[in-house]
Amino acid sequence: MRFNPNAAFDCLFIADRLGQEAGSFTGAELHLFGYLACLLWLYRRRAVSDWGYPFVGTELGAPYSQDIDMSIKGLTERGYFVSIRERLRMTGSGRAILSDLAGLSLNQERAECLRAACASTAAFSVGMVGTALAEEPELRRARALPMSRQLLEESAQSQLYLQFEALRGALRQVGDDLRVPAVVWLEALYRSGESIQAL
Amino acid sequence: MTMPEIIARFCREMHVPMVDAVFGNAGVEAVFQIMTTVRSLYTHVELERVDGRVIIYRTIQPQGAAPAPPPAGPAADFAALANLPISDLILEVASDGRPYPRTITNLNLEGLAQNAVVYHWRADQEEFLAGAERKAVPRLDSAARSQFAIPTFSNLREALQHYATENVRESTCYIFCQVWSGQKRLFLKAKPEAMMRNSLVQFLRGRMGAEHDVWPEQVVDESHPVDIRVQPRLSNNRLMLIEIKWLGCSVADDGHITARHKTPRAQEGADQLAQYLDDQRRFAPTRVIQGYYVIIDGRRENLNEGMTEICRLDGMHYEDKELEFDPAHHDTRRDFDPPYRMFARPVCTD
């Protein structure tokens, strides 16, 4: 089975980080944190096409990538992941190949985004990250329209960039660690969802 | 409030940008290490059992200075803290990223924060300090005692309260309604314990099953009384044990009374659960164990063998009559929740 090398790297990276926290992870969590990392890639003013693979939004407001899905299957078939009671674990050989891939300079920029996405679990539970991200403009639109649709198409990014501009403006006094805008934005998204529900 | 306004508000109010502004990238590294440490600590330690304060800090070295070596002695073993009484807990996250227990006499938080990022929890309030700044940690789940803790025990409490009103009060659960000998709900069937347990297991699996394992236990004898075990799959080391007892009269198929359980029966169950909690702590020292005592109250006033109906005065006589316990384990120990008496109403004639 051929799979997207960017998606495969992202799966290994996220699996390693989530596995350090909880010991295991789910496929849905790889889609979620892969998408969050992709959004942080845009926050860094990089082109969505350079991320290397697309996402669609499900009716439940969750992100999904076919490339991530295929990577999970491929990595499991090759013994880098093992499946245990509906959850996945990374194996020693998975960690070894990640170590090789993470050292490549071509992966440094995406690793920064993946690291910041996964670090958000220090501040929030995985469930809270999912709830917050469902309030992101693209996933909110996906939830409102009862069909799977591709996320982050050029024409649909204006609201997202508006939020990122606000974030950059509010954080202009602080450093450039990507983990800071990541947690502030997730907190704001979560709270915006609360205020909508309260109406 | 518009989204840009919400973003601006949380940039001002959150502790992470505050630490970044005070200590820069070294501060950001420290605050994420501390949050990870706090989250790990609270998977092993239940904040309900902590008296005093939790303080975790990471010293920020002046720029260009070599990192201080980790303190002598072993790093903190959070699993070993699970069932220990904890008053003040002070940990330093050292240059190796690991937490070390510290003892600081006359601790001055503001002084410590001059060159450290400091996390401080006390009585469900938590904050970060950095330099001369301090900010409370926003809490997204109001049921939790910390933003960094999963509210496991309180989730079960809430579920039991719903079970009492939604399933037991009017015997609306399709399993629970089978515990009665007749449709008027005057007498219980003989040995209704298994049906009560199955009803609660089914309810808890529906409520909490996505994140918890809910297991019915086979009651072997009176010294092993626990009926249900509830255990989070991943989030932490908690183990919740539920004991169910019932009060009232049970009858055989021919209508003769097989058991009358009155107030002393409630005390017996409480004593058994307390003893069992003590035993379990020895077998599972790394788990934080909490006992929950459910009493299905089917008592009726002036109820005699052969009766087929009851007036409201007698049928509802015990609805608001709380049970008294001596000893009251729930008052003297923290691992024993106040008993959950669940009155099951009869169908009255008036």
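The values are calculated or read from the model by the stated rules, or taken from the named source; none is laboratory data. Because the structure is predicted, anything quoted here is derived from the model rather than measured. Heads up, the Cβs are rebuilt from the backbone with ideal geometry, glycines too, and the neighbour counts pull from every protein chain shown.
Computed values, structure above
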quantity: Among the residues listed as B:Val93, B:Val117, B:Val54, the single one being aliphatic (A, V, I, L, M), surrounded by 12 or more Cβ atoms within 10 Å (Cβ to Cβ) and under 22 Å from the mean Cα position of the chain (by Cα); calculated: B:Val54
quantity: Members of the range A:115-159 that are over 21 Å from A:Gly27 (Cα atoms) and within 10 Å of chain B (Cβ to nearest Cβ); calculated: A:Ala123, A:Pro137, A:Gln159
quantity: Candidate set: the range B:17-27, residues that are closer than 21 Å to B:Pro99 by Cβ and either touching a residue at least 40 places away in the same chain (Cβ under 8 Å) or touching a strand residue (DSSP E or B) at 6+ places or on another chain (Cβ under 6 Å) (or both); chosen: the one surrounded by the fewest Cβ atoms within 10 Å (Cβ to Cβ); calculated: B:Phe23
quantity: Check on B:Leu186, surrounded by 16 or more Cβ atoms within 10 Å (Cβ to Cβ) and over 13 Å from B:Gly298 (Cα atoms); calculated: no
quantity: Residue in the range B:1-24 that is nearest to the chain's Cα centre (by Cα), counting only those that are under 13 Å from B:Lys135 (Cβ atoms) and more than 7 Å from every other protein chain (Cβ to nearest Cβ); calculated: B:His15
quantity: Residue list for the range B:25-36, restricted to those being at the interface with chain A (Cβ under 9 Å from one of its Cβ atoms) and either at pLDDT 95 or above or closer than 15 Å to B:Pro138 by Cα (or both); calculated: B:Gly27, B:Val28, B:Glu29, B:Val31, B:Phe32, B:Gln33, B:Ile34, B:Met35, B:Thr36
quantity: Number of positions in the range B:136-150 that are within 12 Å of chain A (Cβ to nearest Cβ) and in contact (Cβ under 8 Å) with a residue 40 or more places away in the chain; calculated: 6
quantity: Residue in the range A:146-169 that is crowded, with 21+ Cβ neighbours inside 10 Å and in contact with a strand residue (DSSP E or B) (Cβ under 8 Å, 6 or more places away or on another chain) present; calculated: yes
quantity: Lone unmet requirement of (1) in a helix (DSSP H, G or I); (2) more than 14 Å from every other protein chain (Cβ to nearest Cβ); (3) without any contact (Cβ under 8 Å) to a residue 12 or more places away in the chain for A:Leu75; calculated: (3)
quantity: Filter result (basic (Lys, Arg), in contact (Cβ under 8 Å) with a residue 12 or more places away in the chain and either closer than 30 Å to B:Asp77 by Cβ or not assigned by TED's automatic domain parsing to the domain that holds B:Lys184 (or both)) within the range B:247-302; calculated: B:Arg281, B:Arg287
quantity: Only listed residue being assigned by TED's automatic domain parsing to the domain that holds B:Lys184 and in contact with a strand residue (DSSP E or B) (Cβ under 7 Å, 6 or more places away or on another chain), chosen from B:Asp320, B:Asp337; calculated: B:Asp337
quantity: Residue in the range A:43-50 that is charged (D, E, K, R), within 12 Å of chain B (Cβ to nearest Cβ) and in a helix (DSSP H, G or I) present; calculated: no
quantity: Residue in the range A:92-114 that is part of a helix (DSSP H, G or I), within 11 Å of another protein chain (Cβ to nearest Cβ), in contact (Cβ under 8 Å) with a residue 40 or more places away in the chain and surrounded by fewer than 21 Cβ atoms within 10 Å (Cβ to Cβ) present; calculated: no
quantity: Criterion violated by A:Val174 - all others in (1) away from chain B (no Cβ under 12 Å); (2) surrounded by 12 or more Cβ atoms within 10 Å (Cβ to Cβ) satisfied; calculated: (1)
quantity: Number of the exception - A:Arg89 against (1) modelled with pLDDT of 90 or more; (2) part of a helix (DSSP H, G or I); calculated: (2)
quantity: Filter result for the condition that a residue is in contact with a strand residue (DSSP E or B) (Cβ under 9 Å, 6 or more places away or on another chain) and either over 20 Å from B:Gln125 (Cα atoms) or in a loop (DSSP other than H, G, I, E, B) (or both), over B:Ala8, B:Ala30, B:Ala65; calculated: B:Ala30
quantity: Scope the range A:115-125; condition part of a helix (DSSP H, G or I) and surrounded by fewer than 21 Cβ atoms within 10 Å (Cβ to Cβ); matching residues; calculated: A:Arg115, A:Ala119
quantity: Residue count for the range B:147-164, restricted to those that are more than 21 Å from A:Val126 (Cβ to Cβ) and among the hydroxyl-bearing types (Ser, Thr, Tyr); calculated: 1
quantity: Selection count where residues are surrounded by 15 or more Cβ atoms within 10 Å (Cβ to Cβ) and among the hydroxyl-bearing types (Ser, Thr, Tyr), scope the range B:312-350; calculated: 2
